[in-house]
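Remarks on the structure that follows.
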Amino acid sequence: MKLDIFTFLSLLASVGLYAQTTSQIESLVFRKNSVYMVCSGSVQKQGLIAEHFNIADKNATHVGIGIVVDNNLLIYNVNNDSGAHSALSAESFNSFTGERDVRYWSIWEYKATKKQIQKLATLLKNQLTQEVEFDMDFDVSNNKLYCSEFCRNILFTWNPREFAFELTQKKLSPFYIRTLDRETLFYYPVDFFQVNIGFKKIGESYR
């Protein structure tokens, strides 16, 4: 099979970027007594989500919450993968950022105590036993969840005094009014947690 020069260069760049990302992740130190918010950004969704609905982060389109399990970062996140039994999954960093059109990621650390992390780990494990349905309506009043809503709920349950994040209110454009069947959206943006100064960015990459 012959490859044209553009395909070859594209493949070469992909390999190089993957190696660069792997090197950056391996250089990070993940602590057992910390919680991590992990963001990814896809080309397809950056214009739809990040540009219009995030507070300040114009790259992140998906978010999960991570803790160290067996010396590896395990990221709990809700996504709309229709092939999954539940919208909630727990996956490695490589799996979390493994979609082809993901071009950005960032990792944010919040330092806690051993007792606090044990409580959080229990909350997350218990969530895995539940069947979570992805909220395509982005309605916080129903029993479904989207990625940032899941993370906010976990953080609030874990430490309500520290993580009492407020809903963001946004007047919608005609396109989103037709899509969501409402004029105003009350929601938790993907970058909702970044307003808490306890979260420090420890890693970031643009592919």
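Helix-only estimate, please: 222 nm mean residue ellipticity of the chain, summing -39500 (n - 2.57) across DSSP H runs of length 4 or more and dividing by its residues, to the nearest 500.
-9000 deg cm²/dmol
At q = 0.17, 0.30 Å⁻¹, what base-10 log of I(q)/I(0) does the Debye formula yield for the range 39-89 when every alpha carbon is treated as an equal point scatterer in vacuo?
For the range 39-89 at q = 0.17, 0.30 Å⁻¹, log10 I(q)/I(0) is -0.64, -1.04.
Tell me which of Trp105, Ser34, Ile49 sits at the most positive position along the dipole axis of the chain, charges placed on C-beta atoms (Lys, Arg +1; Asp, Glu -1).
After comparing all options, I get Ser34.
Dipole magnitude of the chain about its Cα centre, charges +1 at Lys/Arg Cβ and -1 at Asp/Glu Cβ only, in debye to the nearest 20?
640 debye
Name the helices (complete DSSP H segments) of the chain with a Cα length along the long axis of 24 Å or more and a Kyte-Doolittle mean of at least 0.0, or state none.
TM-like helix candidates: 5-27.
Positive end of the dipole of the range 69-207, charges at C-beta (+1 Lys, Arg; -1 Asp, Glu), about the Cα centre: which of Leu88, Phe186, Asn72 has its Cα farthest in that direction?
Result: Asn72.
Ranking request for peptides 44-55, 126-137: highest mean number of other beta-carbon atoms within 10 Å first, then the rest in descending order.
Listed from highest to lowest mean packing, they are 44-55, 126-137.
Å³ per residue of the Cα convex hull, for the range 91-143?
Residue-normalised Cα hull volume stands at 157 Å³.
For Lys171, which aspartates and glutamates qualify as cross-link partners when the Cα separation must be under 20 Å and same-chain residues fewer than eight apart are set aside?
Within the straight-line limit of under 20 Å, Lys171 reaches these aspartates and glutamates: Glu51, Asp57, Asp135, Asp137, Asp139, Glu149, Asp181, Glu183, Asp191.
Report relative contact order for the chain in percent, whole number only (criteria: Cα-Cα under 8 Å, sequence separation at least 6).
About 25 percent, as a whole number.
What Kirkwood hydrodynamic radius do you get for the chain when you take the inverse of the mean 1/r over all pairs of distinct Cα atoms, in Å?
18.1 Å
FYI, it's all coordinate maths here, none of it is from the lab. For clarity, every value in this text was computed on a predicted model and none was experimentally measured. All Cβ positions, even for glycine, are placed from backbone atoms using ideal geometry, and neighbour counts span all protein chains on display.
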